[in-house]
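The values are calculated or read from the model by the stated rules, or taken from the named source; none is laboratory data. In this text, all values refer to a predicted model and were calculated from it rather than measured experimentally. Here the Cβ positions follow ideal geometry from the backbone for every residue, glycine too, while neighbour counts run over all protein chains shown. Accessible surface areas use protein heavy atoms only, side chains included; no ligands, DNA or RNA. Shrake-Rupley method; radii C 1.70, N 1.55, O 1.52, S 1.80 Å.
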Amino acid sequence: MKKETHIHAAERFLNNKKNAVWHDETLWQTRAKRDRQAALIPEWEQLRELASKIKMHTITHLDHYLEQFAAAAEKNGATVHWAKDAAEHNAIVLQILQQHQATQLVKSKSMLTEECHLNPFLIEKGVDVVESDLGERILQLMDIPPSHIVMPAIHIQREAVGKLFEEKLNTEKGNADPTYLTRAMRKSLRQKFLASTVAMTGANFGIAETGDVVVCTNEGNADMGTSIAKVHIVSMGIEKVIPSHDALSVFVRLLARSATGQPSTSYTSHYQKPQKEGELHIILVDNGRSSILADKDHIQTLKCIRCGACMNTCPVYRRSGGYSYSYFIPGPIGINLGMLKAPKNYYTNLSACTLCFSCNSVCPVQVDLGNQIYKWRQGLDSIGKANRTKKVMSDGMRMMFKQSGIYHAALKAAPLINLMPRALIYCKADKWGIGRELPQFAKQSFNSWWKKEVLKK
Amino acid sequence: MSNKEEILKNIRLHTQETYEMPLITLDAIHYPDKVEQFIQVSKSVGGNAVVLREGEDLNELIRSLYPDAGKSASNVPGIHAAINPDDVRTSQELNGIDLGIVQGVFGVAENGGVWVVQNVKERSLYFISEYLVILIDKDQIVDNMHEAYKKAAFNDYGFGCFISGPSKTADIEQALVVGAHGPKGLTVILR
């Protein structure tokens with residue numbers, strides 16, 4: 001658990017100015033690409049509305065759709081496992097690996113396995129876990145976590161990757177060309193793919209009617225893994241189920257356009273049956289999700305399709321980076337998911353929001369991200385985490401605004417602040433003075449001007 | 001109580017207000033020239049799409065598109081290829097194929113996707129080939145994904161995939177690199 005607050009971590013991120021500017025601009029470009037794609041679809045806003053409604057319907061009939069999905073998947077020959085929490089999920093994966101005497105597991109990107117801390121668990125049991133998404137593999141070799149849910153290594157510069165590959169893959173010294181480095185990893189991971197007997201993926205969607213699991217990738221790593229290994233393990237959050245392919249058509253039109261500004265991911269793969277003489281295991285993971293259903297203020301987080309658009313647009317995320325948040329999912333959605341997981345551990349992330357609501361406007365499933373952050377802030381006092389200075393100040397303000405005598409006296413006295421020495425106004429105790437300039441107070445208040453100039457005439 | 005029952009019980013316990021399923025009826029995008037739109041999008045996603053002209057020989061077209069391809073693999077009738085992928089014993093044997101030539105079912109104009117259902121013994125062919133050619137009929141292009149999912153069906157293999165352009169990544173500094181793990185190039189031939 002990181003004890004550092006968002007503010008301090010952000011400060012550290014901003015110390016590397018060049019990197020920080022690059023990060024901000026690059027993510028904004030992704031947001032701009034998203035806008036261009038959205039503008040090409042006249043019915044875009046209708047799609048967002050539909051996607052939101054389909055998700056609200058599905059998550060409030062989750063028992064029905066999960067049973068339907070599991071029955072359909074089993075009929076297709078898949079084995080469906082149910083995991084209440086991360087520990088159960090990890091134990092199921094290990095058991096499947098042991099049944100097949102597999103010592104290597106090739107994985108494609110999955111935020112759920114990150115949530116469950118699957119990799120360290122398996123590595124401790126002696127399994128060679130191989131992340132196969134390029135960004136994830138870079139991070140795995142660096143032994144650091146992702147800083148974005150779709151572009152996990154967005155905070156890493158090419159020179160750092162070049163240096164890493166020199167050491168791990170014997171690439172040319174000083175060569176940091178992205179194509180060269182990508183090809184080097186292609187070659188290295190191809191051998192891992194060829195040697196794997198078990199492959200693992202996450203799931204973007206599970207289709208209740210037909211029992212297939214849908215995985216979207218650009219690299220083709222999920223397919224490379226699962227088309228070679230005969231055993232495929234899918235790790236799927238219970239909120240990923242949707243009713244039908246008809247419903248899916250709405251989500252796939254939104255997902256890639258919102259995430260990276262592409263009309264589609266290169267691969268939208270549907271795994272319906274195990275390979276011939278193979279096995280398909282689907283692990284349905286709750287890990288706290290079913291409890292969120294009762295929380296009407298935050299139930300909409302369950303609509304999230306993990307596109308990352310809220311991060312790309314967030315003025316705070318872009319300028320502070322994924323590591324400034326203490327929860328493993330950063331940005332607006334991560335602030336909310338962290339609070340749902342353990343408010344006392346993650347409440348400091350709440351300050352990473354200007355309430356500009358840009359996240360609400362781009363979210364393809366209309367999650368009320370900004371509203372939720374506002375509500376969490378309102379509830380901080382109830383978990384004993386309200387800022388004491390702010391509390392004293394708001395108590396003082398409440399008193400002032402309630403009693404007109406005090407209010408008018410303060411109003412009259414306000415221009416005196418103009419005469420106060422700068423050192424006093426911008427003293428250390430005044431955090432609001434950092435990077436902000438106090439405007440000059442007018443000589444008289446609007447109230448007294450109105451009385452004098454308008455009412456008297 | 002089994003895990004499944006416990007999870008479902010917890011869901012039922014916590015579910016409060018319920019919401020109706022909306023009708024998925026919307027006037028989705030249509031293109032005046034679906035073939036042209038499909039070709040344009042295919043190019044924009046790093047792929048390619050060409051129309052087989054009348055009288056043109058399909059095998060010659062493929063050879064002209066990939067003149068350097070060494071080992072090719074295909075089980076499509078009439079296609080000249082070094083290897084029939086249905087003859088391999090394992091998926092690993094397909095490693096090293098320069099050019100895979102496969103049959104797709106239909107294309108989607110809005111995103112350049114082609115619905116491919118497994119119709120070879122080892123589906124790794126679609127991903128492990130250095131370059132991939134997908135054949136579809138040029139009258140088999142739908143406007144959008146809503147139409148696509150009404151049409152998409154599985155066969156006995158139980159695997160289907162919308163493939164839109166070659167494999168790619170931008171994980172290093174958002175610089176686009178074509179050919180991450182899968183094909184480094186992809187051409188859809190409309191005939």
Going residue by residue through segment B:151-162, is there one that turns out to be at the interface with chain A (Cβ under 8 Å from one of its Cβ atoms), in contact with a helix residue (DSSP H, G or I) (Cβ under 6 Å, 6 or more places away or on another chain), aliphatic (A, V, I, L, M) and free of Cβ contacts under 8 Å to residues at least 60 places away in the same chain?
no
Determine whether segment A:291-298 contains at least one residue that is open to solvent by 10 Å² or more (accessible area, probe 1.4 Å), more than 24 Å from A:VAL215 (Cβ to Cβ) and among the hydroxyl-bearing types (Ser, Thr, Tyr).
yes
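Taking into account only those residues within segment A:216-230 that are open to solvent by less than 10 Å² (accessible area, probe 1.4 Å) and more than 7 Å from every other protein chain (Cβ to nearest Cβ), which is farthest from the chain's Cα centre (by Cα)?
Result: A:ALA229.
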Pick from segment A:396-431 the residues that are surrounded by fewer than 10 Cβ atoms within 10 Å (Cβ to Cβ) and more than 22 Å from A:LYS443 (Cβ to Cβ): which of them is modelled with the highest pLDDT?
A:LYS402
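So which helices (runs of 4 or more DSSP H) are wholly in segment A:302-359 and hold at least 2 residues that are open to solvent by 10 Å² or more (accessible area, probe 1.4 Å)?
The qualifying helices (runs of 4 or more DSSP H) are A:315-320, A:331-341, A:343-346.
Within segment A:136-159, track down each residue that is closer than 16 Å to A:ALA259 by Cβ and touching a helix residue (DSSP H, G or I) at 6+ places or on another chain (Cβ under 8 Å).
Listed by number, the residues that qualify are A:PRO146, A:SER147, A:HIS148, A:ILE149, A:VAL150, A:MET151, A:PRO152, A:ALA153, A:ILE154.
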Say we look at segment A:241-300 and pick out the residues that are without any contact (Cβ under 8 Å) to a residue 12 or more places away in the chain and under 17 Å from B:TYR149 (Cβ atoms); which of these is farthest from the chain's Cα centre (by Cα)?
A:ASP246
Residue in segment A:172-186 that is most open to solvent (accessible area, probe 1.4 Å), counting only those that are of a type outside the set (A, V, I, L, M) and within 11 Å of A:GLU159 (Cα to Cα)
A:LYS173
For A:THR113, state whether it is hydroxyl-bearing (Ser, Thr, Tyr), part of a helix (DSSP H, G or I), in contact with a strand residue (DSSP E or B) (Cβ under 9 Å, 6 or more places away or on another chain) and over 25 Å from B:GLY160 (Cβ atoms).
no
Does segment B:28-36 contain at least one residue that is facing another protein chain (nearest Cβ under 8 Å) and over 19 Å from B:SER164 (Cα atoms)?
yes
Just to be sure, is A:LEU122 over 23 Å from A:TYR325 (Cβ atoms) and either open to solvent by less than 40 Å² (accessible area, probe 1.4 Å) or within 13 Å of another protein chain (Cβ to nearest Cβ) (or both)?
yes
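Looking at segment A:335-390, which of its residues are aliphatic (A, V, I, L, M) and farther than 15 Å from A:THR301 by Cβ?
Result: A:ALA352, A:LEU355, A:VAL362, A:LEU380, A:ILE383, A:ALA386.
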Meets criteria (closer than 14 Å to A:ALA208 by Cα, assigned by TED's automatic domain parsing to the domain that holds A:GLY206 and open to solvent by 10 Å² or more (accessible area, probe 1.4 Å)) for A:LYS240:
yes
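For every residue, the table says whether it meets (1) in contact (Cβ under 8 Å) with a residue 24 or more places away in the chain; (2) away from chain B (no Cβ under 11 Å); (3) under 22 Å from B:VAL177 (Cα atoms); (4) open to solvent by less than 10 Å² (accessible area, probe 1.4 Å).
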{"residue": "A:MET111", "(1), (2), (3), (4)": "yes, yes, no, no"}
{"residue": "A:ASP128", "(1), (2), (3), (4)": "yes, yes, no, no"}
{"residue": "A:GLN140", "(1), (2), (3), (4)": "no, yes, yes, no"}
{"residue": "A:HIS148", "(1), (2), (3), (4)": "yes, no, yes, yes"}
{"residue": "A:ILE154", "(1), (2), (3), (4)": "yes, no, yes, yes"}
{"residue": "A:GLY162", "(1), (2), (3), (4)": "no, no, yes, yes"}
{"residue": "A:PHE165", "(1), (2), (3), (4)": "no, no, yes, yes"}
{"residue": "A:ASN170", "(1), (2), (3), (4)": "no, yes, yes, no"}
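Among the residues of segment A:16-26 satisfying the criterion of being out of contact with any His (no Cβ under 8 Å at 6 or more places or on another chain) and within 11 Å of another protein chain (Cβ to nearest Cβ), which is surrounded by the fewest Cβ atoms within 10 Å (Cβ to Cβ)?
Here the answer is A:GLU25.
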Pick from segment A:234-273 the residues that are within 27 Å of A:THR60 (Cα to Cα) and among the β-branched types (Val, Ile, Thr): which of them is farthest from the other protein chains (Cβ to nearest Cβ)?
A:VAL234
Conditions (1) crowded, with 21+ Cβ neighbours inside 10 Å; (2) over 14 Å from the mean Cα position of the chain (by Cα) -> B:ASN155 fails only (1)
Please tell me if B:GLY179 is more than 10 Å from chain A (Cβ to nearest Cβ) and small (Gly, Ala, Ser).
no
